[in-house]
1. Would you please name the residue that is nearest to the chain's Cα centre (by Cα), looking only at residues in segment 378-388 that are surrounded by 12 or more Cβ atoms within 10 Å (Cβ to Cβ) and not in a loop (DSSP other than H, G, I, E, B)?
2. Could you check segment 389-414 and list, in sequence order, the residues that are farther than 25 Å from Glu322 by Cα, surrounded by 12 or more Cβ atoms within 10 Å (Cβ to Cβ) and of a type outside the set (A, V, I, L, M)?
3. Going through Pro222, Pro215, Pro228 one at a time, which residue ends up being in contact (Cβ under 8 Å) with a residue 12 or more places away in the chain and farther than 23 Å from Met300 by Cβ?
4. Please pick out the residue among Glu377, Glu322, Glu385 that is acidic (Asp, Glu) and at pLDDT below 95.
5. Tally the residues that are touching a strand residue (DSSP E or B) at 6+ places or on another chain (Cβ under 8 Å), crowded, with 20+ Cβ neighbours inside 10 Å and assigned to a helix (DSSP H, G or I), restricting the search to segment 51-103.
6. Provide a single number: the residues in segment 363-375 that are under 15 Å from Thr330 (Cα atoms), surrounded by 13 or more Cβ atoms within 10 Å (Cβ to Cβ) and touching a residue at least 24 places away in the same chain (Cβ under 8 Å).
7. How many of the residues making up segment 151-201 are farther than 16 Å from Ser240 by Cα and in contact with a helix residue (DSSP H, G or I) (Cβ under 8 Å, 6 or more places away or on another chain)?
8. Here is a list: Ala35, Ala51. Which entry is assigned by TED's automatic domain parsing to the domain that holds Met239 and either among the basic types (Lys, Arg) or without any contact (Cβ under 8 Å) to a residue 12 or more places away in the chain (or both)?
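The values are calculated or read from the model by the stated rules, or taken from the named source; none is laboratory data. This structure is a prediction, so every number in the text was calculated from the model and none was measured. A quick note on method: Cβ atoms are made from the backbone with ideal geometry, for glycine too, and the neighbour counts reach across all protein chains shown.
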Amino acid sequence: MEFLHGIEHLNLPADFVPVNDVVTAVIGLVGTAGAGEANEIILCKSEKDDAQFGTNGTIPEALKAIRMQDGTRGSALVLVVKVTPANGDTIVAEDIVGTVDVSGVRTGLKLFETALGQFGFEPMIYIVPHYSALGAVKQELIVITDKTEAMAYIDTPDGYTFKEALASRGNDGDFSKLTDGQKLLFPHFLVPNPKYNPEVEETIKNPEYNSNTNPDVPETIPNPEYTPEVLIKYLNVPMSAFCAGLRAKIDMEEGWHVSSSNHRITGVEGMDVALTFALGDLSSEANLLNSKGVTTAVNMYGNGIVEWGNYAAGFPGNTNTEAFECVRRTRAIMKRTIEQACVRFVDKPFIKANVDAIRNTVNQYLNGLKAQGKIVEGQCFYLPESNSLNELAQGHLTFDIEFTPAIPMQRLTFTYKIDLTALSAIE
């Protein structure tokens, strides 16, 4: 040891590092708009940002639905990609899916591969209202969510019936191949039509008509304010944007571990398909949809229109706990958070202090989740049996994490027994 007559100071590494949750209330939206930049990821934090896309198209419609769900803790972050037709005037599935050219330029959904590097966060929910049921779009959303462990909210086509929604989950159905990373939504919502005005006349009196001086001019002319749309009281709108906004609100106000089922959706007047529903009715249409992995909405007396259904579309093929959307998201968010917290340890020396720091960092995080009620239990282990000498010699360490998620209480049973013994106590 070096000789020192005096005082020295040594900096020792902390046995854990602070862990911050990743941003979860992030929506990836692809669609059309009458204004705004095309094939760029645009971050929209509020209605002020949303305004750049104008009022026409699926993007403004979706952003309006998302903002209707805003709560006291803020608004969702929406990463928006506007697409335009590559050929002709009509948007097709290939425009939504997008491409990657030889120079790495991306379009459509492919653009989200650059979101994390560009913004420091990426979508946890993907929506493509009016287009998500298209075969190629649906498949791309499956690929994205399988890779990132995010969720995609997929709408059934406009005009679908209850029977078609059930049949779509069959072996040969349109949505039979969906997995735990997608949430299938049926039916569509009815929202008030801002142009509705049944008092607008189809024709108005022609100001140039005069029965005496100008009798050949038509007495009436078409009313410029009249369109067939003014007679439509409600518009059919896909559920996905409303449900994505609701999910973001719950993340911020209650926590990402809380199911979005049985939460009120703002801004809707009803559904385009009337479904039967009763809390104890096994054969109600809402219950049958849930039993096939379809999320729906019901009119809950005293609470308005609420989302109804806990399972992602991997159910009923997958009946494990990760079939619950909130459980899948819990694991995905934990993975992302632990990854960001522990990246600083990558390439550090393999010594006991660093192993302890990694394990303690993860355990501190899991203890915090338990204290917040986001998980029931959780622990990180560094086990000899998981770390062979051969792997350690190559710098490969394995940490085992076991956790118990907070599972939604989707079924409550009360038993009743008549006890007659109290009759004998009556005097």
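1. Among those that are surrounded by 12 or more Cβ atoms within 10 Å (Cβ to Cβ) and not in a loop (DSSP other than H, G, I, E, B), it is Gly378.
2. Hit for segment 389-414 is Glu391, nothing else.
3. Pro222
4. Being acidic (Asp, Glu) and at pLDDT below 95 holds for just one of Glu377, Glu322, Glu385, which is Glu322.
5. Counting residues in segment 51-103 that are touching a strand residue (DSSP E or B) at 6+ places or on another chain (Cβ under 8 Å), crowded, with 20+ Cβ neighbours inside 10 Å and assigned to a helix (DSSP H, G or I) gives 9.
6. Adding up the residues that qualify gives 6.
7. Matching residues across segment 151-201 total 12.
8. Step by step, each of Ala35, Ala51 is checked, and only Ala51 is assigned by TED's automatic domain parsing to the domain that holds Met239 and either among the basic types (Lys, Arg) or without any contact (Cβ under 8 Å) to a residue 12 or more places away in the chain (or both).
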